[in-house]
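S.K.: One structure coming up, written as structure tokens, with questions to follow.
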Amino acid sequence: LGLPATYFCSQKCFVANYNSHKSIHNLAKQILEANGASATPAGGHRKTPPDGIICDPNAPIETKLALPPWAKNYNFTGSLRPTQISPRRPVPPHIKKPDYANHTQGVSESEQYDRATNNSIRTYSSKELDG
């Protein structure tokens, strides 16, 4: 929307001010649309390209390990950092895929069955884990 970043001191503060925050967004959208501009950039979210890919798989290692553009000025509190998104790479056929790999919604049939038949957290033996 082209608005400056807004920061809240806590979740409680955000909740308390959400209605006015949302009304400012709605007003900005109305102004953009009245001027013939789109409130949402082409392709969706303003920080990610339409296909979600922001790093060429053949890019140099420095590029691959660099922070994504949206995170360059972010003040991280811990050691975990995001990385560039690259295209999905196929898994070689000789590598066994988990049962959820081919499910349309990523659901693991074995986990669903396990949850339905056990009332406690199950500990698997090495033989069971090896399949």
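S.K.: Work out, step by step, the length gained on full extension between S23 and S125: first 0.36 nm times the residue separation, then minus their alpha carbon distance; give nm to one decimal.
M.R.: 31.2 nm
S.K.: Name the lysines eligible as straight-distance cross-link partners of K64: C-alpha to C-alpha under 16 Å, and not fewer than 8 places from it in the same chain.
M.R.: Reachable lysines: K72.
S.K.: With every protein chain kept in the model, how would you rank V91, V15 by accessible area, 1.4 Å probe, largest at the top?
M.R.: Per-residue accessible area, sorted high to low, gives V15, V91.
S.K.: What is the gain in length, in nm to one decimal, between A71 and R88 on full extension, counting 0.36 nm per residue of separation less the C-alpha to C-alpha distance?
M.R.: The span from A71 to R88 would gain 4.0 nm if fully extended.
The values are calculated or read from the model by the stated rules, or taken from the named source; none is laboratory data. Everything numeric in this text was worked out from a predicted model, so none of it was measured. Surface accessibility is based on the protein's heavy atoms, side chains included, excluding ligands, DNA and RNA. Shrake-Rupley method; radii C 1.70, N 1.55, O 1.52, S 1.80 Å.
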